[in-house]
Amino acid sequence: MKKTPVPVLRLPRGPDPNSRGFDPNSPRFIALCPTSIPASSGEGASIEEEQCSRSELRERFLRTLIKMTNKTVHFDMHEGVQVEARFGASDIDVLNFQVSELQTPIGVQKEALLRCQDIISFSFDV
C-alpha cells in the first residue's frame, strides 16, 4: 500500500527565537507588510485593529489551504487560462502551489508547480 505524503505548513520564525511573530519595527516587516494606516502617537488602537484583522485573514487563508489538500481545485490564471488540479501543498512563503493531475488546455500534467503570482483566483468544493 502506497502511503500519501502529508504536506507540512510552516510559519516563518519571528525576531524572537521562541516566537512566530514579527517585530513591526524591523526592516523586513516594513518592506513586506507596509501598513495602510499612517503611524502616529494617537493611532495606536487603529494599528492594533489592523494587526488583528491581518492576523484573522492570514489564519483564514492558512485554514483554506489545509482544507484544499487532496481536493480538485479550479484555478483562474492570467490571459484567461483556466486549469484544474488536485491540490497538494504550498511552499513556506506561499509563492508556489504543488498540484497533481493538472488539466490544462493542451493536456494533463502528472505533477506541477503553479506560481501563485500567475493565479488570479481559485475555488474548490467544500
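Using a 1.4 angstrom probe, figure out how much accessible area the range 39-126 has per residue, in square angstrom, rounded to the nearest whole.
Roughly 69 Å² per residue, with all protein chains present.
Subtracting the Cα-Cα distance from 0.36 nm times the residue separation, let me have the gained length for residue 106 to residue 69 in nm, one decimal.
Gain in length upon complete extension: 10.9 nm.
To the nearest 20 Debye, how big is the dipole of the range 56-126 about its Cα centre, given +1 on the beta carbon of each Lys and Arg and -1 on that of each Asp and Glu?
The calculated dipole for the range 56-126 is roughly 220 debye.
What does the net charge come to around residue 99 if you take all other residues with beta carbon closer than 13 Å to its beta carbon, with K and R at +1 and D and E at -1?
-1
Find how much the distance from residue 46 to residue 58 grows on full extension, using 0.36 nm per residue of separation minus their present alpha carbon separation; answer in nm with one decimal.
2.5 nm
The values are calculated or read from the model by the stated rules, or taken from the named source; none is laboratory data. Given the structure is predicted, the values throughout are model-derived calculations rather than measurements. Don't worry about glycine lacking a Cβ; one is built from the backbone with ideal geometry, like all the others, and counts go over all protein chains shown. Heavy atoms of the whole protein, side chains included, go into the accessibility calculation; ligands, DNA and RNA do not. Shrake-Rupley method; radii C 1.70, N 1.55, O 1.52, S 1.80 Å.
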